[in-house]
Amino acid sequence: MRKAAVAFLFLTLSLNIYAAEISALLYSFSPLAQIYLKHLGLHDRNNNGVIDKDSGEGYEEFIAKYGNADTGFHANGVIYGADNGKLEEPEIINYYYLHIRFKPEFERETTAIENEVKAYIHANNLPLLWLDDEQGTVMNAVTVVLGEGWNEQEVTEDEAISMFNRVMRGMYIIGLKGEPSKNGGYKTLAEFVTQKRGFCVETAQFGFWFFSELKINAVCAHAFLTSSMSHMLVKLPSEKLVDFFGSSNRYRVPKDTWHIANPLQSIGIYDRIQGNALTDQAMYEQAFLYDKYDTGNLGKLMSFYHNNSARYYANTNIILGEFFLQNNDIDKIVNTRQLSSSLLKTQVKLILIMTLVSYSLTDNKTGTDRIAALLQKYYPRDSEVKDYLNKYKL
């Protein structure tokens, strides 16, 4: 009995430590984001994962120097954090790539951030999604087509687009269709140019790298083409869209529905797909780390824990579920009218169900009743929800 008690105590302590680690990650900036903060004069002094106004964290100084970044960011079909007196990670990173990077007056910041981000990614073996490898594989492949010094000239957007199209044709890149997670996941930039094939995400990342070499503040942007199919392309400062294979042409997606997918979020996309391909816990955790607001990343991580051992990870999933509730307006998400609305509503439902189960498994009646009320409110006629309520409501 004593051995069993000691084993149970060890299990409880390990669960509490793991839950505490997850909790700490939720309310902090990602490791890469810390680099941007440092060189842009921002300091998360109270360690809550955002830069607060009137707190001595650099909010006011940032806006005075670089402009108002407190304009919100897009996730889950809605805009988050607009004019809320906080600078969230996506707001800061988006603003850097849209309004700071490569500007002559911000050359010092650009150089410092670009060099340190590159060094961190190489040192920590993060996927080289928008960066060349240390052998210069991507640069060498492009130089074969365009010639030496192609990236040392100043060109217009139209000239840059023409060069990009010429490179894609000259490297004989083939566009891929289907589900990336069933085809080994996404490739790195170097693999994209050596294997000469890729999905829209890889093509967009290559475009981001290419236009960056020409000092053009292009960004990757994504949108849903149908209720279940999303697409990524390159968006230029002039709002022009660059979609080499033209996959989005026939869908006539309104320009204002293309939303930025910044480089850090791209890591989240890459790791979530790799996680799906390999059923890899570390991939799901890193995907969430680099894009905490995405319900797809959160749901995948919670699902992995839930399916692996709902009881073991109950406290962890409660923490994750509460993070979702604290940072999301469910009304807005489930009532948004867009192509992905059905998918989003399902993702929210599953997050709430797993939170309900977790509270029930820990015999927390208050938490269980609160989540049950939310499920009844938003999914009153859903048979799956009714089954879970009948089974787990305390």
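The values are calculated or read from the model by the stated rules, or taken from the named source; none is laboratory data. Because the structure is a prediction, the values reported are computed rather than measured. Every residue, glycine among them, receives a Cβ derived from its backbone with ideal geometry; neighbour counts consider all protein chains shown.
Brief remarks follow.
- Residue match in the range 83-98 (condition: at pLDDT below 95, in contact with a strand residue (DSSP E or B) (Cβ under 8 Å, 6 or more places away or on another chain) and closer than 22 Å to Ser28 by Cβ): no
- Candidate set: the range 165-197, residues that are under 23 Å from Asn125 (Cα atoms) and among the small types (Gly, Ala, Ser); chosen: the one surrounded by the fewest Cβ atoms within 10 Å (Cβ to Cβ): Gly184
- Residues located in the range 163-194, provided they are in contact with a strand residue (DSSP E or B) (Cβ under 9 Å, 6 or more places away or on another chain) and part of a helix (DSSP H, G or I): Phe164, Asn165, Glu191, Phe192
- Test: residue in the range 263-279 that is in contact with a strand residue (DSSP E or B) (Cβ under 7 Å, 6 or more places away or on another chain) and in a strand (DSSP E or B): no
- Qualifying residue in the range 65-73 (condition: in contact with a strand residue (DSSP E or B) (Cβ under 9 Å, 6 or more places away or on another chain), without any contact (Cβ under 8 Å) to a residue 40 or more places away in the chain and surrounded by fewer than 17 Cβ atoms within 10 Å (Cβ to Cβ)): yes
- In the range 109-122, of all residues being touching a helix residue (DSSP H, G or I) at 6+ places or on another chain (Cβ under 8 Å) and over 18 Å from Pro31 (Cβ atoms), the one that is surrounded by the fewest Cβ atoms within 10 Å (Cβ to Cβ) corresponds to Thr110.
- Matching entry among Glu109, Glu152, Glu134 (being acidic (Asp, Glu), in contact (Cβ under 8 Å) with a residue 24 or more places away in the chain and either more than 30 Å from Lys332 (Cβ to Cβ) or not assigned by TED's automatic domain parsing to the domain that holds Asn48 (or both)): Glu109
- Among the residues listed as Asp271, Asp256, the single one being among the acidic types (Asp, Glu) and within 21 Å of Trp130 (Cβ to Cβ): Asp271
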